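For reference, the structure is listed below as structure tokens.
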Number of protein chains: 2
Amino acid sequence: MTDEFETPDGYRILHVEDLAPQIAAIADLRKRLGGAPEAWTAAEISDGNMNAVYRLTGPSGSLIVKQALPYIRVIGEGWPFPVSRIHFEAAAMARQAELAPAHVPALLHRDDGLGLLVMEDLRGHAVVRQALVAGTHFPRLAAHMGEFLARTLFFTSDFHLATPQTSAIEAAFSGNAHLCRTSEDVIFTGPYGEAPYNRVTRGNEAVAAALRGDRDLKRAACEMKLVYRTRSQALLHGDLHTGSVMATATETRVIDAEWAFFGPMGFDIGALVGNLLLSAISQPGHDGARCDRAALSDRLLQTASDVWTHFAECFAALAARAGGELLAPAIYDETSRRAIVADHLRSVFEDMLGFAGAKMIRRIIGISHVEDFELIGDVAVRAERERHALRVARRLLLERRDIAAMDAVRDLVRAEAAGDAGPGR
Amino acid sequence: MTDEFETPDGYRILHVEDLAPQIAAIADLRKRLGGAPEAWTAAEISDGNMNAVYRLTGPSGSLIVKQALPYIRVIGEGWPFPVSRIHFEAAAMARQAELAPAHVPALLHRDDGLGLLVMEDLRGHAVVRQALVAGTHFPRLAAHMGEFLARTLFFTSDFHLATPQTSAIEAAFSGNAHLCRTSEDVIFTGPYGEAPYNRVTRGNEAVAAALRGDRDLKRAACEMKLVYRTRSQALLHGDLHTGSVMATATETRVIDAEWAFFGPMGFDIGALVGNLLLSAISQPGHDGARCDRAALSDRLLQTASDVWTHFAECFAALAARAGGELLAPAIYDETSRRAIVADHLRSVFEDMLGFAGAKMIRRIIGISHVEDFELIGDVAVRAERERHALRVARRLLLERRDIAAMDAVRDLVRAEAAGDAGPGR
């Protein structure tokens, strides 16, 4: 086994001034930017936690260059991280582009040796998480993401493919296991113990300590960790929160697929739904002068609900037409096929709720916090909004087998709005 | 992708007279047999459905040679089958030998090019299935198999290993997917439709037709097919019925691991338990002069029950000592760890019951029947014993979530003894 942290031969960390000469050597990209490389401008626009990201602009156009660093960007060399993740990101993007071409940026070039991806510049698209904080409404988000989820999950699953094909996809992504292990650690384990880098908003220390002593919650989180590790249903994006989606009023694109692996469908859906719930719950903490925060909160609860509904309807429609071996039409009539798909979707729904809950908790008491709360300037208000989210998340984890439908999730969010017992709780 | 049915370069089907020269070329094996190869005797002892098996005997000892044919032996060239299965069998045997050395024959030599394994001759051991028909009792079988199952499943699972390790094992066996696809077909799909080679005992045609029209049953069988395909918990033997176990009164060895893959723990346990139930239910149909068939039947129900109990106890004991990332001792106290393991075992128990039921049905109305019933000379008695097994199997599949423990399985077998409504049912 090779050392997963070894950088490829010839790998070097690029600096902003290296980009023009590097890209100019690739004829297609040079043509796309136009003019002489000396006239191009390069700017670092790194935003996520992991990678260096640049925009390169020439007279004829612009493009985005992403380089995987051999460590986690926001932490530094103290947390080494495999450059090979760029290989898995490119492979996942290629498959997403086949299955849902309207919802991923075009991949223009890759260089696994340098850990480099070059892709379409999504001009006019905003990162959904920050845009929601600013009060933007994305009317097409739920429909687009429901379709993206249904198509990428269905067509890479046993509902569409035969076993040798799903096995081959799973094996092709098995080398990304270091990233899976990191996900397990930061989502399902770290928040519940004394992990380094865990962080809690001032005033919520007692609440966090109570969660860390909550046996029922920890048992549910461990169950979800086991589901994450063992339920091999489809090729996932692997980190599908609202920071991995860029959108306009009419378009929606998914980025940052480096965490891709073959896993439980509910994990991708739960990541998105959980982060939409975080946004909905955070809204009353943000500046109400810019927009009607209560209305936006309601609309986001509806969006979270619609993501699931669109996913489930689209998946069921694809499954109804499926000719694969699993639902062999010679064995199962229409009624049976519908029942089997409904059973599957019910099980995905439960997983989705559990993962949504786990993702919400980890964003509040774990290592990686989110702007939905971080940008609430008043720390007491921020802490109170976080406590609301924690109460909701805990119930999603513990009650996931009993929650009938997305309506009940909405009711639960509203019911828990009133439940705050203050920071000491 | 290479053609999975292409035989390796240099592959040829060996004949009985080729064996001595082939083996004599390997110094260790030559020494083990002793004397001159011309004095060795070779005999074909093929018994299972798949491969050619020979015993080679010299003055100092004997050994077993197994060759994977490029088709299914009992069917012929009309059903091609990948020779690569021998590679996966050897890899699985090597791991079983590490984890449960007392319960596998020693692997002496392998030649992937010829699809050849050479192993220890288990002299004095009987194939358990046939020996049970003959009335033999194996007092150590349940304890040994419970331990074999617990150790091979625990130590290849997330309860012991970290994610990069389980991912690597899973990827290493992903190339055996053609055999998984065949298992799915002959266990979960074929019996419920008009698959070629399906066979039904005279008198049970109407019962088989009723099962093929039974929507609830087919839905349950399809659920188990999905579990088989998507629940990646441990490295399995993959075909652990009573014909894959050889035993004496004091020793127990598992053979024929060519179906190995990374899958649901309940599949291995259910294969063994289901086949022990078939034997128990078949006993009253066999010659009562040789032994007390009612007592043997009771003892086999106890054995099936004890396999589960030994497995569960041994697994829980291993998990209690586990230092792995899943049950991180810094996060979970003893009570929590026990609860998480108990939840897992409950889920494995349900899978086990479902797989046991599916395995029982496929042996009665599918392609591959078993001596437990085939050796009952009186066809009407055989058909009646099979109907008893089918009633039990159907209930295991449909009631798997409600059956509390193995005692209830025993009660269910006894209750269904009285339920026969005759061949027309």
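The values are calculated or read from the model by the stated rules, or taken from the named source; none is laboratory data. Nothing here was measured: the structure is a model prediction, and the numbers come from that model. Note that we place each Cβ from the backbone using ideal geometry, even for glycine, and neighbour counts take in every protein chain shown. To get the accessible areas, we keep the full protein, side chains included, count just its heavy atoms, and leave off ligands, DNA and RNA. Shrake-Rupley method; radii C 1.70, N 1.55, O 1.52, S 1.80 Å.
Below is a table of values for the structure above.
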{"quantity": "Subset of segment A:1-36 [hydrophobic (A, V, I, L, M, F, W, C) and within 14 Å of chain B (Cβ to nearest Cβ)]", "calculated": "A:MET1, A:PHE5"}
{"quantity": "Subset of segment B:114-162 [buried (at least 22 other Cβ atoms within 10 Å of the Cβ), part of a helix (DSSP H, G or I) and small (Gly, Ala, Ser)]", "calculated": "B:ALA142, B:GLY146, B:ALA150"}
{"quantity": "Meets criteria (closer than 20 Å to A:SER279 by Cα, acidic (Asp, Glu) and either out of contact with any Leu (no Cβ under 6 Å at 6 or more places or on another chain) or within 13 Å of another protein chain (Cβ to nearest Cβ) (or both)) for A:GLU374", "calculated": "yes"}
{"quantity": "Given (1) more than 22 Å from A:ALA97 (Cβ to Cβ); (2) within 14 Å of chain B (Cβ to nearest Cβ); (3) within 15 Å of the chain's Cα centre (by Cα), number of the condition A:ALA162 does not satisfy", "calculated": "(3)"}
{"quantity": "Hey, A:ASP216 surrounded by fewer than 21 Cβ atoms within 10 Å (Cβ to Cβ) and part of a helix (DSSP H, G or I) or not", "calculated": "yes"}
{"quantity": "Condition broken by B:LEU240, with the remaining ones in (1) more than 9 Å from every other protein chain (Cβ to nearest Cβ); (2) in a helix (DSSP H, G or I); (3) open to solvent by less than 10 Å² (accessible area, probe 1.4 Å) satisfied", "calculated": "(2)"}
{"quantity": "Pair list, Cβ under 7 Å, 6 or more apart: segment B:399-425 residue within 16 Å of B:ARG382 (Cα to Cα), other residue open to solvent by 50 Å² or more (accessible area, probe 1.4 Å) and part of a loop (DSSP other than H, G, I, E, B)", "calculated": "none"}
{"quantity": "Residue that is nearest to B:GLU374 (Cα to Cα), among those in segment B:184-206 that are facing another protein chain (nearest Cβ under 9 Å) and hydroxyl-bearing (Ser, Thr, Tyr)", "calculated": "B:TYR192"}
{"quantity": "Some residue of segment A:327-339 being crowded, with 19+ Cβ neighbours inside 10 Å, among the small types (Gly, Ala, Ser) and modelled with pLDDT under 95", "calculated": "yes"}
{"quantity": "Of the criteria (1) under 21 Å from the mean Cα position of the chain (by Cα); (2) open to solvent by 10 Å² or more (accessible area, probe 1.4 Å), which one A:GLY354 fails", "calculated": "(2)"}
{"quantity": "Selection status of B:ASP420, part of a loop (DSSP other than H, G, I, E, B) and out of contact with any Cys (no Cβ under 9 Å at 6 or more places or on another chain)", "calculated": "yes"}
{"quantity": "Conditions (1) out of contact with any helix residue (DSSP H, G or I) (no Cβ under 7 Å at 6 or more places or on another chain); (2) more than 30 Å from B:ALA208 (Cβ to Cβ); (3) among the acidic types (Asp, Glu); number of the one not met by B:GLU147", "calculated": "(1)"}
{"quantity": "Residues satisfying the stated conditions in segment B:263-306, i.e. more than 30 Å from A:GLU170 (Cβ to Cβ) and of a type in the set (Gly, Ala, Ser)", "calculated": "B:SER279, B:ALA280, B:SER282, B:GLY285, B:GLY288, B:ALA289, B:ALA294, B:ALA295, B:SER297, B:ALA304, B:SER305"}
{"quantity": "Selection within segment A:280-314 - surrounded by 18 or more Cβ atoms within 10 Å (Cβ to Cβ) and of a type in the set (Ser, Thr, Tyr)", "calculated": "A:SER282, A:SER297, A:THR303, A:SER305"}
{"quantity": "Residues of segment A:167-183 classified as among the polar types (S, T, N, Q) and either more than 7 Å from chain B (Cβ to nearest Cβ) or more than 30 Å from A:ALA319 (Cα to Cα) (or both), total", "calculated": "3"}
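Listed here are the residues, each with its yes/no results for (1) open to solvent by 10 Å² or more (accessible area, probe 1.4 Å); (2) touching a strand residue (DSSP E or B) at 6+ places or on another chain (Cβ under 7 Å); (3) away from chain B (no Cβ under 14 Å).
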{"residue": "A:GLU38", "(1), (2), (3)": "yes, no, yes"}
{"residue": "A:ALA52", "(1), (2), (3)": "no, yes, yes"}
{"residue": "A:THR57", "(1), (2), (3)": "yes, yes, yes"}
{"residue": "A:VAL74", "(1), (2), (3)": "yes, no, yes"}
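Listed here are the residues, each with its yes/no results for (1) touching a residue at least 24 places away in the same chain (Cβ under 8 Å); (2) more than 22 Å from A:ALA417 (Cα to Cα); (3) within 14 Å of chain B (Cβ to nearest Cβ); (4) not charged (D, E, K, R).
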residue	(1), (2), (3), (4)
A:HIS286	yes, no, no, yes
A:CYS291	yes, no, no, yes
A:ALA294	no, no, no, yes
A:SER297	no, no, no, yes
A:THR303	yes, no, no, yes
A:LEU318	yes, yes, no, yes
A:GLU325	yes, yes, yes, no
A:THR335	no, yes, yes, yes
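Yes/no matrix, rows are residues, columns are (1) open to solvent by less than 20 Å² (accessible area, probe 1.4 Å); (2) at pLDDT below 95; (3) assigned to a helix (DSSP H, G or I); (4) among the hydrophobic types (A, V, I, L, M, F, W, C):
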position: B:LEU211; (1), (2), (3), (4): yes, no, yes, yes
position: B:ALA220; (1), (2), (3), (4): yes, no, yes, yes
position: B:LEU226; (1), (2), (3), (4): no, no, yes, yes
position: B:ARG229; (1), (2), (3), (4): no, no, yes, no
position: B:MET246; (1), (2), (3), (4): no, no, no, yes
position: B:ASP268; (1), (2), (3), (4): yes, no, yes, no
position: B:LEU272; (1), (2), (3), (4): yes, no, yes, yes
